Amino acid sequence: MTANLGSQDAFPVPEDKRMKLRYAGVCRICGTDLPARADAVYERATKTVRCVECPSAVEIPGLVTQVETEPTTVEPSSELDAGMAGSSARREYERRKAKDEERLRQKWGKLGGIAVALSDEKQSTKAWATGAVGEERLGARLDSLVSDSIGVLHDRRIPGSKANIDHIAVTTAGIWVIDAKRYKGRPELKIEGGILRPKVEKVLVGRRDCTKLVDGVLKQVDLVREVVGDVPVVGLLCFVESDWPLIGGAFATRGVQVLWPKRLAKLLAEAEGTVEVGAVRDALASHFKPA
C-alpha cells in the first residue's frame with residue numbers, strides 16, 4: 001500500500017507543522033481522541049496527526065506553527081481516492097441550512113438577516129451536522145490504523161441510490177462495513193417474545209428504537225458481498241459518544257456487531273487472515289465511488 005517514493009534526496013521529507021485542528025482527529029501514536037481546535041502536530045509525510053506531547057517516530061527539525069485549513073486524511077496511494085469521512089452528510093447539512101436561511105430571508109424581507117441570527121436551526125437540519133461529526137471522528141480513528149494490513153474507504157456512494165456507506169475497512173481477515181451514529185444514551189439489545197410468539201431482537205439507544213439501523217447495515221453488507229464474492233464481510237454499527245458501560249456493552253444482532261470506536265479499532269487491529277488487502281480495497285473503491 002505504500003507508494004514507491006524513491007530516494008530521500010529526490011523527495012525530501014516534508015516538515016511537520018503544529019496547528020489547531022479544524023476537525024476532530026486521533027493521535028497516530030497513542031490513539032488519543034483530539035477534538036476540533038485542539039493543538040496537535042500534522043505529519044505531512046503520513047498525512048496524520050499526533051499529540052503535541054507524543055514524539056515523532058523520526059524527529060524532523062523546523063516545526064512550523066500554522067492553523068490548518070483543510071481536514072487531514074490518509075490516502076493509501078496517490079491513485080486511490082479513499083474518500084472524506086462525513087463529506088456527504090456535511091454537504092447535506094450546508095444545503096439544508098442555506099435553504100432554511102433563504103426561507104427566513106424571503107419571509108422577513110429587510111429583517112431577514114436578524115431573523116436568521118435569532119432563529120435556532122431546525123432539528124432535521126442539525127441532525128445532519130451531528131451525523132457528519134460522528135463520521136468524521138470515527139473516520140479519523142480508522143485512518144490512524146491504515147497500514148499494509150488495513151485499508152480504509154470513507155463515504156462511498158451506493159450505485160443507483162442516493163444512499164451511502166459511511167466506512168469500509170479491509171483487513172487480512174475480511175471486510176468490515178461500518179455505519180457510524182452519534183446518538184446519546186446507552187445502546188442495548190432487547191429481546192421480546194420467544195415461547196408463545198416469535199422472538200424479536202431490538203436495538204435501543206436510551207429510549208430510541210434503532211432496530212432499523214441494523215436492516216440498513218445488512219443491506220450494505222449484501223451489496224458489498226456482490227462485489228467481493230467469497231471474501232468474508234461483516235456489518236458493524238458503531239455508536240460514537242454513546243453511554244457505553246465500563247465493562248462489557250458490545251453485542252451482536254442478526255450478524256451485525258454493535259460497539260464503540262475504541263473497541264472497533266482493536267477488533268480491526270487484531271484481525272488476521274489471508275485476504276489481499278490492496279486488491280480488495282481497490283475493487284471496492286472502483287465500484288463504490290466517493291459520495
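What follows is calculated from the coordinates using simple rules that are stated; it is not laboratory data. None of the values given here were measured: they were computed from a predicted structure. In this analysis, Cβ positions are derived from the backbone assuming ideal geometry, glycine residues included, and neighbour counts consider all displayed protein chains.
Descriptive notes on the structure:
- Sequence ranges 133-139, 171-177, ranked by mean other-Cβ count within 10 angstrom, highest first: 133-139, 171-177
- For the residue pairs K184/K262; K99/K184; K202/K266; K181/K212; K97/K212, alpha carbon separations beyond 19 Å are given by K99/K184; K202/K266; K97/K212.
- For segment 141-287, size of Cβ-based charge dipole, Lys and Arg +1, Asp and Glu -1, in debye: 800 debye
- Taking a ≥ b ≥ c as the square roots of the eigenvalues of the alpha carbon gyration tensor, segment 191-252 is oblate, as a/c is not under 1.5 and a/b does not beat b/c.
- Length gained when the stretch A283-S147 is fully extended (0.36 nm per residue, less Cα-Cα span): 47.2 nm
- Compactness of segment 141-287, expressed as Rg and Dmax over alpha-carbon positions, Å: 15.7, 51
- Ranked packing of 144-153, 197-206, most packed first, by mean Cβ within 10 Å: 144-153, 197-206
- Those lysines that a straight Cα-Cα span of less than 16 Å connects to K162, excepting residues fewer than 8 apart in one chain: K219, K289
- Relative contact order for segment 146-260: 24 percent, from Cα pairs under 8 Å spaced at least 6 residues apart, divided by residue count.
- Where labels lie 7 Å past Cα in the beta-carbon direction, separation of A38 and E276 in nm: 3.9 nm
- Positive dipole terminus of segment 145-291, leading residue within G206, P232, I247 (C-beta point charges): G206
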